[in-house]
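For reference, the structure discussed in these notes is given below.
What follows is calculated from the coordinates using simple rules that are stated; it is not laboratory data. Treat the numbers as computed from the prediction; the structure is a model and nothing was measured. Here the Cβ is made from the backbone with ideal geometry for all residues, glycine too, and neighbour counts use every protein chain on show.
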Amino acid sequence: MKTALKMSAVLAACCVALPATAQEVSSEKLDAVIEAAFANASADVKNRIYQDETQAVCSKYRDNPPDELWDAVLEREQANIAYPESDVLMGDWQVAMKEANNGYGWRIGDDKPGRVVGGNCYACHQLAPDEVAYGNLGPSLTGYGKDRVIDDQLIKATYDKIYNAQAVLPCSQMPRFGANGFLTPEQVADYVAMLLSPDSPVNE
Amino acid sequence: MLQPTYRFRISTWLTASAFVIAGTNAALSESALDKYHEMLSDPFSNPAWFAVDRGEELWNTGLQDCDLGLGPGVVEGAYAQMPRYFEDAGRVMDADTRIAWCRETLQGIPFAQSAGQAFSDKGKFSEMQDLTAFVAAQSEDMPIQIPMDHAKEKEAVAIGEELFYRRASYLDYSCATCHGNTGSRIRLQELSQMTDPEQAGAVMASWPTYRVSHETVRTTRTSWCRDGILADVSGQPRDCPDDAAPHVGLSLANASSRYRVWI
């Protein structure tokens with residue numbers, strides 16, 4: 001199972017997966033360089049430059065960590081998933097469909113209170129077939145829910161993947177949208193509905 | 001093999017997204033974009049030359065003795081050989097950093113002040129950007145040849161390479177997330193693959209560039225420290241304000257990857 005997962009991770013991370021070479025520069029040296037560069041930066045900027053443990057491991061091994069660290073990432077990130085208070089994991093696909101085209105949020109300077117933060121899914125994925133401006137860094141999700149049995153297990157698995165991609169696949173290229181606080185649990189539930197609901201344009 | 005040369009270019013990538021947002025279909029966007037690129041390919045239509053003229057005036061009022069690596073006052077060809085190690089400063093510097101250093105040593109303008117004015121804004125020129133544009137224009141059509149002899153230059157490359165894979169911030173991105181693959185796109189915007197020496201070289205040879213969407217010239221700083229170090233893919237240029245080492249390392253890593261190919 002682990003090997004199969006790992007193979008698919010390498011495939012998913014495909015083109016980035018250079019062989020993990022020994023670092024010519026130590027992590028400590030690298031941190032010191034970054035710290036010196038932003039010594040007087042704002043709290044917001046400083047918040048962005050320091051890595052958490054998962055980011056550090058994935059960077060060091062260029063997204064292909066050795067087995068024991070692979071397992072450690074998986075375990076840590078699986079413990080790092082929260083669900084909506086309502087426990088409803090299938091939200092409103094219409095809300096998500098708008099947010100899939102919305103790139104606002106969490107950039108430096110994105111400080112308008114109350115403005116909706118979007119997942120900007122189309123930057124990397126194909127979704128509804130009538131939207132031509134989609135990226136290809138992630139797989140096409142067009143028809144994602146069409147040929148699947150929509151049960152609680154699939155709904156939860158889809159939620160977990162969007163909330164914390166690395167709880168499914170360590171060092172995945174996909175952002176940990178929920179775990180990093182980029183999207184709320186309720187938003188993630190809306191995105192689940194966008195992918196799985198038979199009424200969603202994704203499954204036209 | 002063809003020796004790539006430095007050239008002023010006009011960058012339109014954000015404009016490409018604008019076409020898409022306008023709701024045109026893919027085929028239309030492409031043909032409209034082709035026409036647009038053709039229009040901008042005329043070097044005399046490049047608004048960056050205004051920045052070059054302003055930069056020349058600034059250069060000639062106090063910086064004439066600045067040593068850009070080829071001796072005091074030699075500007076021609078200097079940009080094509082940076083970043084490089086500077087003995088007098090004891091560190092590796094790119095063009096922007098060196099110009100700021102010269103402003104401090106020759107004109108008494110504090111380094112931090114130059115760093116703080118690294119970017120122009122709407123209706124406000126940046127002397128630093130104008131100076132870099134001027135210096136770069138004196139290497140037009142010249143091959144990029146970074147010296148790469150000094151241990152500090154080699155160390156800077158190694159730092160830059162690690163930074164390329166360093167994941168951080170709210171989206172867990174590194175430079176490699178988007179620029180480590182072949183044939184990748186964000187929306188309809190094609191992405192350069194910076195792990196390919198030829199593509200990295202072409203990118204390095206195209207900065208500084210006139211960004212149509214920013215209505216101004218931008219130098220490599222706009223991208224490296226904003227997207228690369230902060231992993232913050234935003235519209236606002238950011239610098240590494242206190243020490244340019246990460247930025248210099250990334251530039252050198254990218255530029256030298258071509259150096260290894262072309263030597």
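For this structure, a couple of remarks:
- Compactness of segment A:25-125 as Cα Rg over 2.2 N^0.38 Å, two decimals: 1.41
- Computed with the Debye formula from one identical point scatterer per Cα of chain A, without solvent, the log10 of I(q)/I(0) at q = 0.07, 0.16 Å⁻¹ comes to -0.24, -1.18.
- Over segment B:83-224, the fraction of Cα-Cα pairs per 10 Å bin, rounded to whole percents and listed from the shortest bin up, is 10, 33, 40, 17, 1.
- A viscosity of 0.890 mPa s and a temperature of 25 °C, combined with the Kirkwood radius over C-alpha pairs in the Stokes-Einstein formula, give segment A:93-203 a diffusion coefficient of 172 µm²/s.
- With respect to chain A, whose longest principal axis is taken over its alpha-carbon atoms, helix A:152-163 is tilted by about 40°.
- Degrees between helix A:185-196 axis and first principal axis of chain A (Cα, 0 to 90, nearest 10): 60
- Dipole magnitude for segment B:99-231: computed about the Cα centre from +1 point charges on Lys and Arg Cβ and -1 point charges on Asp and Glu Cβ, it is near 480 debye.
- Segment A:158-200-segment B:111-180 distance, computed between alpha-carbon centres (Å): 34
- Sequence of B:37, B:179 once ranked by neighbouring C-beta atoms within 10 Å, starting from the fewest: B:37, B:179
- Put simply, the convex hull of the Cα atoms in segment B:80-124 casts, on average, a shadow of 3.9 nm².
- Our helix-only sum for chain A, with -39,500 (n - 2.57) per DSSP H run of n ≥ 4 divided by its residues, gives a mean residue ellipticity at 222 nm of -11500 deg cm²/dmol.
- Counted residue by residue at 0.36 nm each, then reduced by the alpha carbon distance between them, the extension gain from residue A:104 to residue A:29 reaches 23.6 nm.
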